[in-house]
Amino acid sequence: MSADPLQVLASAGKGESTRGLLRVIILLLIAAAAIASRLFSVIRFESIIHEFDPWFNFRATKYLVANGFYNFWDWFDDRTWHPLGRVTGGTLYPGLMVTSGIIYHALRALTIPVDIRNICVLLAPACSGLTAVATYLLTNEMTPSPSAGLLAALFMGIAPGYISRSVAGSYDNEAIAIFLLVFTFYLWIKALKQGSMLWGALCALFYGYMVASWGGYAFITCLLPLHAFVLICMGRYSTRLYVSYTTWYALGTLASMQIPFVGFLPVKTSEHMPALGIFGFLQLLAFLDYVRAAMPSRQFQTFLWMFAGGTFGLSLLGLVLATSAGVIAPWGGRFYSLWDTSYAKIHIPIIASVSEHQPTAWPAFFFDLNMLIWLFPVGVYLCFQELADEHVFIVVYAVFGSYFAGVMVRLMLTLTPVVCVAAAIAVSTLLDTYLRAKLPKPEEIQAAEASEGKKGAKSGLKSTSKPVVGVYAIWGKSMMVSALAVYLLIFVLHCTWVTSNAYSSPSVVLASRLPDGSQHIIDDYREAYQWLRQNTREDAKIMSWWDYGYQIGGMADRPTLVDNNTWNNTHIATVGKAMSSSEEVSYPIMRQHEVDYVLVVFGGLLGYSGDDINKFLWMVRIAEGIWPEEISERSFFTPRGEYRVDGEATEAMKNSLMYKMSYYNYNNLFPPGKAMDRMRNSLLPEVGPTLSTLDEAFTSENWIIRIYKVKDLDNLGRDHTSAAAFDRGHKKAKKASKKRGPRRLRVD
Amino acid sequence: MAPKRNAAAARSISPAAPPPTIPAATPSSSFAATTTTTTKPTLSKPSSSGGGAHPSWDKLVSNVLAHYLDTTPQRTKLLDAFMAFLVAVGALQFVYCVVAGNYPFNAFLSGFSATVGQFVLTASLRIQTAEANKGDFPAVSPERAFSDYVVCSLILHFFCVNFIN
């Protein structure tokens, strides 16, 4: 069945150059598909920056483009972390911004005027096209079959695990870093295979670029030494390994130290010590290798023992001394949480509070990788079959990557490339076996022999000892091939579906469906930020939970107290304390920090799950970490251990600023006694909370964002509670009926 | 010249360095200065460490020396001399850092990594050009190795100069 068109195709692509051309065209098409599948969000919504972190990157890029590189490098940002400020130029990974800046200026030089926003939005899809090409190159180093490379490129191009971080508009470090990751690995394999200094130096350069772009560079810093170490342990030390590794390490470490944010870390922290250790170890091995050639083996034995023992003892002593003297910093908290998943929960709530730092749920693997996840072990097995140096790399990467992907949702991203490569090797081996149109001839015994092992593995039968068992029956071939084709098609469908439904929402703009099926856009975030931009002083300080810091800085252009760069736990805890305490405690805190407006996100009216009441417990926990005697998480739970917001909520909950701000005036929307929180499905008490130190300044259309103005000190020197009580008493007598009228008008 | 002279002192302090082969390279090489400075520690070191510990230690080192002198081509010896010089300079910097403190840490790091980096690059060049390793590097001819070496050294020193402040 499949033989005839195949032969036609084979005869069409006989010549080497034709095949090369075909390969290039296919690769280009794959890159185009990778880009196209990431554009859902642009088509559905608009060309807009997504989520939270990208807003900071976008703001930094605008600063870079407007003020030039040197100003960017020395940028001190006084509009974040009020009143501390942030040395932004020295505490960010500049790779992403510099890349878009270069593209911007290059396009300008070519007289193509493109808005910097569009470059930022489309950078991630463009890089994903490059990632597909890099994956092709990497896979080609693993196997002689050219189809494996193309398949790997295709998988990489559309695998949801990677798309999740690289749709148009998610202008984040990972957008560019995954390309650099894969390409660095490719260069490393190339350097290792050829034992060439030049490839090693290129690897180091791209490693430097990677360091400049993403904190995840530590993954490379640990993986390459591990690969080298495994090779050495397997007795595969070679001069090629020495040349490539030492060149990479010597140049790459220097390159990484050029980034101000990294600075001296490569020689001072434990994360980087394995690389240094292997570097020293390789020097030793090279020396021993040389000496071995120069002396008889018995002498060498004694020499080896004395030399190795002495060096080991000395270096161990040195390491212990250095660590105890504090020269080498111990492992950071984020790394501890990689070994012990509950570490962060106990010690660093701020890390645990980020949803992408949670351990991965197992359906996520199927969701993000679909059929690749079960082809992945087959590919790793096939690597074991050959087990040259580069296959060892895939095996090591697979083990390492799987572990980390299991520990942290976000690191699914680093697993995806190796899954794509391994799965592509598996699929292409299957296809090569079953698509062979001709019957096996004696000359092809060798080729058939090679693919035999894999078949034996699939069926669990040992058939390798037979002379040749080709697949003769045409129906067997066609069944196998068509089954694979169906799987591949389903994979494409799944990827498109996941991309379109799960990963293409900007989360700044929400979409919902009206009963008639038409799309309804909920644009509360931008409405509120626009209000801030238009109606507040330019230096009005906004207090909100840290999630919204970058967005306020980017969209509203107002100074914030805390933002998503969570470098100062105490400052965040201060905000958490202000949010979770009663007004009498919060007001002095807000005055001290010169807060003008407080912003909360409330999803009760719409049933929006990502609101502040749902995140509230994290604020409490983080505040409790600093002030355990003032804030206690327990007091926010009812005696029966429930987290409630309705009439049975605890006193601490009802008095907290967050609760009051969320539900202030909310019951006026409903008939008396019917106020309903649609998110938490609970009936609210009939009398809503009262606020005496804050004034409601703005509430967005769907009540998602509520902004409050912090009252100034009272003119008559009263405290705010009594002033408010006085006002209320005054008003109640006069215009109790009037008060509700305008509110309702405004809301409906 | 000063660093080299001091290097001799530095060398005899650090026992873990691989002196037996490398310094021996120098007797016939053209760098007179390096020759004199680097051979001295070799002579003193094996005798001091080998005398007490092991009877065959002396013979062992002399074996290696003889083998080295017999089989190494002149050009490679030149490379070895350069490597010995780099080890000396690196050790000197390290000793300075330990003794006098690491205050301009940037400067120390870039100076030290320049020597270390240059050392491994030279070692790589030496490995790639050695006759015995031909089979390991089918893709790398000696000329290619040298041009790679030049390019890598340029990159290395660019980074060092940029980092030195």
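The values are calculated or read from the model by the stated rules, or taken from the named source; none is laboratory data. Here the structure is a predicted model, which means the values were calculated and not measured. Counting neighbours? That spans all protein chains shown, and the Cβs are built from the backbone with ideal geometry, glycine included. Surface areas here come from the heavy atoms of the whole protein model, side chains and all, with no ligands, DNA or RNA. Shrake-Rupley method; radii C 1.70, N 1.55, O 1.52, S 1.80 Å.
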- Flag for A:ALA733 being open to solvent by less than 20 Å² (accessible area, probe 1.4 Å), farther than 30 Å from A:ARG634 by Cα and at pLDDT below 85: no
- Query: Which ones in region A:286-297 are modelled with pLDDT under 85, farther than 19 Å from B:LEU69 by Cβ and open to solvent by less than 40 Å² (accessible area, probe 1.4 Å)?
  - Reply: A:LEU288
- Item | Any hit, region B:99-117, residues being touching a residue at least 60 places away in the same chain (Cβ under 8 Å) and touching a helix residue (DSSP H, G or I) at 6+ places or on another chain (Cβ under 6 Å) | no
- Task: Kindly provide the set of residues from region B:132-145 that are assigned to a helix (DSSP H, G or I) and open to solvent by 80 Å² or more (accessible area, probe 1.4 Å), ordered by number.
- Result: B:ALA132, B:LYS134, B:GLU143
- Query: Does A:ALA126 satisfy the criteria of being in a helix (DSSP H, G or I) and more than 29 Å from A:ALA485 (Cβ to Cβ)?
  - Reply: yes
- Query: Is it the case that region A:214-228 has a residue that's in a helix (DSSP H, G or I), touching a Leu at 6+ places or on another chain (Cβ under 9 Å), modelled with pLDDT of 90 or more and within 14 Å of chain B (Cβ to nearest Cβ)?
  - Reply: yes
- Residue list for region B:146-161, filter: within 20 Å of the chain's Cα centre (by Cα), more than 7 Å from every other protein chain (Cβ to nearest Cβ) and open to solvent by less than 80 Å² (accessible area, probe 1.4 Å): B:VAL150, B:SER153, B:HIS157
- Item | Which numbered condition B:ASN165 fails, given (1) within 21 Å of A:LEU265 (Cβ to Cβ); (2) part of a helix (DSSP H, G or I); (3) open to solvent by 50 Å² or more (accessible area, probe 1.4 Å) | (2)
- Message: Can you find, within region A:121-141, the residue that is surrounded by the most Cβ atoms within 10 Å (Cβ to Cβ) among those that are more than 17 Å from A:ALA34 (Cα to Cα) and touching a residue at least 60 places away in the same chain (Cβ under 8 Å)?
- Response: A:THR139
- Query: Got a sec? Which of A:LEU205, A:LEU276 is open to solvent by 20 Å² or more (accessible area, probe 1.4 Å), closer than 29 Å to B:PHE94 by Cβ and more than 10 Å from chain B (Cβ to nearest Cβ)?
  - Reply: A:LEU276
- Item | Top-ranked residue in region B:117-140 [being under 15 Å from B:ARG75 (Cβ atoms) and modelled with pLDDT under 85; ranked as farthest from the other protein chains (Cβ to nearest Cβ)] | B:GLU131
- Query: Mind checking whether some residue in region B:71-88 is under 23 Å from A:GLY280 (Cα atoms), open to solvent by 40 Å² or more (accessible area, probe 1.4 Å) and away from every other protein chain (no Cβ under 11 Å)?
  - Reply: yes
- Message: Restricting to region A:49-80, count the residues that are open to solvent by 30 Å² or more (accessible area, probe 1.4 Å) and either touching a Lys or Arg at 6+ places or on another chain (Cβ under 9 Å) or charged (D, E, K, R) (or both).
- Response: 8
- Query: Across region A:620-670, what is the total count of residues that are in a loop (DSSP other than H, G, I, E, B) and not hydrophobic (A, V, I, L, M, F, W, C)?
  - Reply: 18
- Item | Pair list, Cβ under 7 Å, 6 or more apart: region A:364-393 residue closer than 15 Å to A:LEU484 by Cβ, other residue open to solvent by 30 Å² or more (accessible area, probe 1.4 Å) | A:ASN370/A:HIS494; A:MET371/A:TYR487
- Item | In region A:261-273, the residues that are closer than 16 Å to B:ASN165 by Cβ and more than 11 Å from chain B (Cβ to nearest Cβ) | A:VAL262
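Residues checked against (1) modelled with pLDDT under 90; (2) in a loop (DSSP other than H, G, I, E, B); (3) over 23 Å from the mean Cα position of the chain (by Cα):
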position: A:SER482; (1), (2), (3): no, no, yes
position: A:ILE490; (1), (2), (3): no, no, yes
position: A:SER512; (1), (2), (3): yes, no, yes
position: A:PRO515; (1), (2), (3): yes, yes, yes
position: A:HIS520; (1), (2), (3): yes, no, yes
position: A:GLN534; (1), (2), (3): no, no, yes
position: A:GLU538; (1), (2), (3): yes, yes, yes
position: A:TYR548; (1), (2), (3): yes, no, no
- Consider A:LEU561 carefully, then state whether it is on the phi < 0 side of the Ramachandran plot, buried (at least 17 other Cβ atoms within 10 Å of the Cβ) and in contact with a strand residue (DSSP E or B) (Cβ under 7 Å, 6 or more places away or on another chain). yes
- Note on the structure: Scanning region B:95-113 for residues that are within 14 Å of another protein chain (Cβ to nearest Cβ) and either at pLDDT 90 or above or open to solvent by less than 60 Å² (accessible area, probe 1.4 Å) (or both) gives B:CYS97, B:GLY101, B:PHE105, B:ASN106, B:ALA107, B:PHE108, B:LEU109, B:SER110, B:GLY111, B:PHE112, B:SER113
- Determine, yes or no, whether A:TYR209 is in contact (Cβ under 8 Å) with a residue 12 or more places away in the chain and in a loop (DSSP other than H, G, I, E, B). no
- Query: So which of A:GLU696, A:GLU701 is modelled with pLDDT of 85 or more, surrounded by fewer than 19 Cβ atoms within 10 Å (Cβ to Cβ) and under 27 Å from A:PHE636 (Cβ atoms)?
  - Reply: A:GLU696
- Message: Of all residues being within 7 Å of chain B (Cβ to nearest Cβ) and of a type in the set (Ser, Thr, Tyr) in region A:239-252, which is farthest from A:VAL291 (Cα to Cα)? Just the residue, please.
- Response: A:THR247
- Query: Filter region B:50-70 for residues that are open to solvent by less than 50 Å² (accessible area, probe 1.4 Å) and not β-branched (Val, Ile, Thr); which is modelled with the lowest pLDDT?
  - Reply: B:GLY50
